[in-house]
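The values are calculated or read from the model by the stated rules, or taken from the named source; none is laboratory data. Keep in mind that what you see is a predicted model, and the values were worked out from it rather than measured. Cβ placement follows ideal geometry from the backbone for every residue including glycine, while neighbour counts extend to all protein chains displayed.
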Amino acid sequence: MKKNRIISIAFIISIIFLVLSCKSGKKANEEKKENIPEDIVEMRDDQIKLANIETGQIEMHSLSGTLKVNGIVAVSPQGLANVCAPMGGYIKTTTLMQGNAVTKGQTLAIIENQEFINIQQSFLEAKIKLEYAEAEYKRHSELYKDDVYSEKNLQQVTADYKTLKTQVKALEQKLALIGINPVNLNENNISRSIILTSPITGYIKTVNVNIGKFVSPSDVLFEIVNKDKLFLELTLFEKDADKVTENQNIRFFINNEKEQHEAVVSHTSKSVNADKTYKVYANVTDICKNIMPGMFVNAVIESEGNKVTSLPSEAIVSFNDKDYIFIFDKNKEENGKPFTEYKLIQVHKGVTDNGYTEVILPAGFNINAAKVVIKGAYNLLSAKKNAGEMSCG
């Protein structure tokens with residue numbers, strides 16, 4: 001009986017110790033949670049990935065006073081080339097089609113024409129005659145100095161020499177015009193064909209030739225467009241004439257795409273059209289394969305001097321009638337596990353335009369150093385509300 005009593009007392013003590021241990025552990029956990037500031041959210045790497053957290057920088061945008069306009073994509077004169085055959089002829093070969101990319105100097109077609117032979121023949125014959133005439137001119141000049149030759153004869157020789165010299169120079173230019181280098185031409189390499197090359201780098205917009213077709217000098221054989229030389233031709237109403245100046249930034253979109261492109265105003269029209277509109281021209285500053293001449297664009301012209309600190313609208317969250325953003329605070333490690341801390345910062349919202357919202361930041365906020373959560377901010381807010389589940393574990 002006494003032994004049973006001793007066992008009962010020992011069992012009761014064990015139960016009390018166990019209860020006290022649980023309370024102590026619970027209290028320790030509570031103290032650990034209390035050590036996390038109210039404005040901090042902790043997340044593991046796998047939680048960050050699951051919540052699609054992305055960080056970015058505070059940006060400067062003109063959200064108020066922007067001007068929304070329409071227009072088209074066009075090509076500058078330097079980025080558009082019409083290729084013709086200077087003397088015409090028959091198309092011998094061509095391998096290009098619409099849409100093919102070409103580089104400056106690349107062969108577009110080979111053209112044959114009997115006139116090419118005639119020009120080369122005339123040049124070589126005139127060159128031989130010029131060599132003889134030059135020798136005669138020098139010889140007669142020396143004889144004239146020695147009073148052996150008359151002035152009249154010297155004048156005739158001089159005229160013949162200068163006439164042939166002019167003829168050779170003219171034929172040199174004709175050869176250069178059709179793409180033949182007169183320096184390399186001799187009686188052994190006379191050709192009946194010439195190579196038509198691309199004057200610029202770009203892509204073939206139009207092909208108007210086929211093998212065997214005769215083309216004249218006025219025919220446009222190829223139209224080549226350089227997409228690096230694109231610009232916008234925007235239409236504005238006359239009432240907005242004072243809102244646009246050179247070097248203003250433009251954001252524009254094509255084909256209702258969400259991808260944003262950029263341009264800079266190069267100049268504006270100096271006259272108003274009959275329909276009370278005028279044109280603004282802007283150079284496209286970024287390269288995009290989707291942009292092609294003739295496309296319709298929606299553009300936003302940013303007013304100079306009205307840029308404000310802004311973020312993508314989804315980066316700003318609302319809680320208890322207040323607006324906040326999250327910024328990266330630090331990386332740390334607890335119990336051998338890596339964590340990232342994000343800090344909740346109260347801000348005030350301003351105007352919203354085209355997916356961006358103005359943010360009025362607290363005093364002392366370091367715009368350049370801060371890494372702001374631009375995606376997944378609401379997931380962080382949910383984690384904050386459920387801190388007990390999302391905190392370290």
Count, please, the residues in the range 166-179 that happen to be of a type in the set (S, T, N, Q), closer than 13 Å to residue 127 by Cα and either without any contact (Cβ under 8 Å) to a residue 12 or more places away in the chain or buried (at least 18 other Cβ atoms within 10 Å of the Cβ) (or both). 1
If you check residue 209 against the conditions, is it touching a Lys or Arg at 6+ places or on another chain (Cβ under 7 Å), under 30 Å from residue 289 (Cβ atoms) and at pLDDT 90 or above? no
Test: residue in the range 342-350 that is closer than 24 Å to residue 46 by Cβ, modelled with pLDDT under 90 and not assigned by TED's automatic domain parsing to the domain that holds residue 260: no
Within the range 109-125, identify whether any single residue is small (Gly, Ala, Ser), under 30 Å from residue 186 (Cβ atoms) and modelled with pLDDT of 85 or more, and answer yes or no. yes
Select from the range 58-73 the residues that are touching a strand residue (DSSP E or B) at 6+ places or on another chain (Cβ under 7 Å) and not in a strand (DSSP E or B) and write down the one among them that is modelled with the lowest pLDDT. 64
Please go through (1) more than 24 Å from residue 257 (Cβ to Cβ); (2) of a type in the set (Val, Ile, Thr); (3) part of a loop (DSSP other than H, G, I, E, B) for residue 309 and return the number of the only condition it doesn't satisfy. (3)
Please specify each residue of the range 238-256 satisfying the condition of being exposed (fewer than 11 other Cβ atoms within 10 Å of the Cβ), modelled with pLDDT under 85 and part of a loop (DSSP other than H, G, I, E, B). 256
Please list, ordered by first then second residue, the pairs with beta carbon atoms under 7 Å, 6 or more apart or interchain, first in the range 252-268 and in the same structural domain as residue 234 (by TED's automatic domain parsing) and closer than 20 Å to residue 356 by Cβ, second surrounded by fewer than 12 Cβ atoms within 10 Å (Cβ to Cβ) and of a type in the set (Asp, Glu). 261/286; 262/286
Might you let me know whether the range 370-384 holds any residue that is assigned by TED's automatic domain parsing to the domain that holds residue 57, surrounded by fewer than 14 Cβ atoms within 10 Å (Cβ to Cβ) and either in contact with a strand residue (DSSP E or B) (Cβ under 9 Å, 6 or more places away or on another chain) or at pLDDT 90 or above (or both)? no
Only one of (1) closer than 12 Å to residue 233 by Cβ; (2) over 18 Å from the mean Cα position of the chain (by Cα); (3) not hydroxyl-bearing (Ser, Thr, Tyr) fails for residue 296. Which number is that? (2)
Among residues belonging to the range 180-190 that are free of Cβ contacts under 8 Å to residues at least 60 places away in the same chain and within 46 Å of the chain's Cα centre (by Cα), point out the one that is farthest from residue 112 (Cα to Cα). 183
Of the residues 283, 331, only one is out of contact with any helix residue (DSSP H, G or I) (no Cβ under 9 Å at 6 or more places or on another chain) and surrounded by fewer than 18 Cβ atoms within 10 Å (Cβ to Cβ); which? 331
